[in-house]
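These notes are about the structure you will find just below.
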Amino acid sequence: MHSAARPLLLPNAWDAATARIVEQCGFPAIATTSAGIAFAMGYADGQKISLDLMMSAVSRIVQAVQVPVTADVEAAYGDTPEDASRTARAAIEAGAVGINFEDTTSDVTGPLIEIDLQIERIRAIRQTASQLGVPLVMNARTDVYLLEVGDPAGRYEHSVRRLRAYRDSGADCVFVPGLRDLQTIGRMVKELGCPVNVLAVPGAPSVAELAAVGVKRISLGSGPMRAALGLVRRMASELREQGTYSALAEAPPYAEVNKLMSSGKS
């Protein structure tokens, strides 16, 4: 899917229902959103949820659909290569065939894991997947742009240095959320020579524009979940303030949703 002519498009899901809707719309794979899953369970993003709870949600999504699932495992719920290996094993046991793996820390003074340690962690994941006989597709993410790390003039080179190291250590695809400039994205695609994932947000280049510069994967992250929350807020505000229900017009019919939940593997 990462080598096709058109980019792999992933409107991220956070539960079985959203996964089935994405599948019904014709997408060939499902990507989870760790933030969306955490929010739905009452946790903040940033590895506040436990690995067990996250993988339980991933497992339910896997069971609900027929297409392959790639799981957002944040930064592996620990800093060591052993943590990365444990998380990769848990994702595979949950049924995922891909992971999104980031290089963030919980330390505001040092928001990114040291490159050498992240390389060890990526290699540990690759070794674990090999031992389990699963060709796990790893999307290695750096948050240099998203967290605005360092001087703006140096962020491009910093990102490329990290992503090149991640690619060479076993990542199949690399991910740089927060980067929106089309020319810079195109330059990065050429320099890295591997599939690049872009996070689509309002104001970002279109799918056609990103495809034209060689982007192979486009995801929506927690955007769909937050957009759904926006609809709930609008519906609740309308009910309280106007006493009307027009926002409910966007709801699929009950029978349609019930039928959709009655199909699939779960």
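The values are calculated or read from the model by the stated rules, or taken from the named source; none is laboratory data. Please read all numbers here as calculations on a predicted model, not as lab measurements. Reconstructed Cβ throughout: ideal geometry from the backbone, glycine too, with neighbour counts over all protein chains shown.
Descriptive notes on the structure:
Here is a yes/no grid of residues against (1) under 15 Å from the mean Cα position of the chain (by Cα); (2) at pLDDT 95 or above; (3) part of a loop (DSSP other than H, G, I, E, B):
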position	(1), (2), (3)
ALA17	no, yes, no
ARG20	no, yes, no
ALA38	yes, yes, no
ILE49	no, yes, yes
SER56	no, yes, no
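- Restricting attention to the stretch 236-255 and to residues that are hydrophobic (A, V, I, L, M, F, W, C) and either part of a helix (DSSP H, G or I) or touching a His at 6+ places or on another chain (Cβ under 7 Å) (or both), the residue that is surrounded by the most Cβ atoms within 10 Å (Cβ to Cβ) turns out to be ALA247.
- The lone exception for ALA35 - which of (1) without any contact (Cβ under 8 Å) to a residue 40 or more places away in the chain; (2) closer than 28 Å to VAL257 by Cα; (3) not hydroxyl-bearing (Ser, Thr, Tyr) it fails: (1)
A quick yes/no check of all residues on (1) β-branched (Val, Ile, Thr); (2) out of contact with any helix residue (DSSP H, G or I) (no Cβ under 9 Å at 6 or more places or on another chain); (3) surrounded by 22 or more Cβ atoms within 10 Å (Cβ to Cβ):
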{"position": "MET138", "(1), (2), (3)": "no, no, yes"}
{"position": "PRO152", "(1), (2), (3)": "no, yes, no"}
{"position": "GLU157", "(1), (2), (3)": "no, yes, no"}
{"position": "ARG162", "(1), (2), (3)": "no, no, yes"}
{"position": "ASP172", "(1), (2), (3)": "no, yes, no"}
{"position": "LEU179", "(1), (2), (3)": "no, no, no"}
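- Checked against (1) touching a residue at least 24 places away in the same chain (Cβ under 8 Å); (2) over 22 Å from ASP72 (Cα atoms); (3) not polar (S, T, N, Q), PRO252 meets all criteria but (1).
- The sole residue among GLU120, GLU148 that is closer than 23 Å to GLY223 by Cβ, of a type in the set (D, E, K, R) and surrounded by fewer than 20 Cβ atoms within 10 Å (Cβ to Cβ) is GLU148.
For (1) at pLDDT below 95; (2) of a type in the set (S, T, N, Q); (3) surrounded by 17 or more Cβ atoms within 10 Å (Cβ to Cβ); (4) within 19 Å of ASN197 (Cα to Cα), each residue gets a yes or a no:
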| site | (1), (2), (3), (4) |
| --- | --- |
| GLU74 | no, no, yes, yes |
| SER85 | no, yes, yes, no |
| ARG89 | no, no, yes, no |
| GLY95 | no, no, yes, no |
| GLY98 | no, no, yes, yes |
| SER106 | yes, yes, no, no |
| THR109 | yes, yes, no, no |
| ILE113 | no, no, yes, no |
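- Complete set of residues in the stretch 25-55 that are of a type in the set (S, T, N, Q) and surrounded by fewer than 14 Cβ atoms within 10 Å (Cβ to Cβ): SER50
- Pairs where the first residue, in the stretch 44-65, is under 27 Å from PHE27 (Cα atoms) and the second is among the basic types (Lys, Arg) and not in a helix (DSSP H, G or I), C-beta under 9 Å, 6+ apart: VAL62/LYS265; GLN63/LYS265; ALA64/LYS265; VAL65/LYS265
- Qualifying residue in the stretch 184-198 (condition: within 20 Å of the chain's Cα centre (by Cα), buried (at least 16 other Cβ atoms within 10 Å of the Cβ) and either of a type in the set (Gly, Ala, Ser) or over 21 Å from HIS2 (Cβ atoms) (or both)): no
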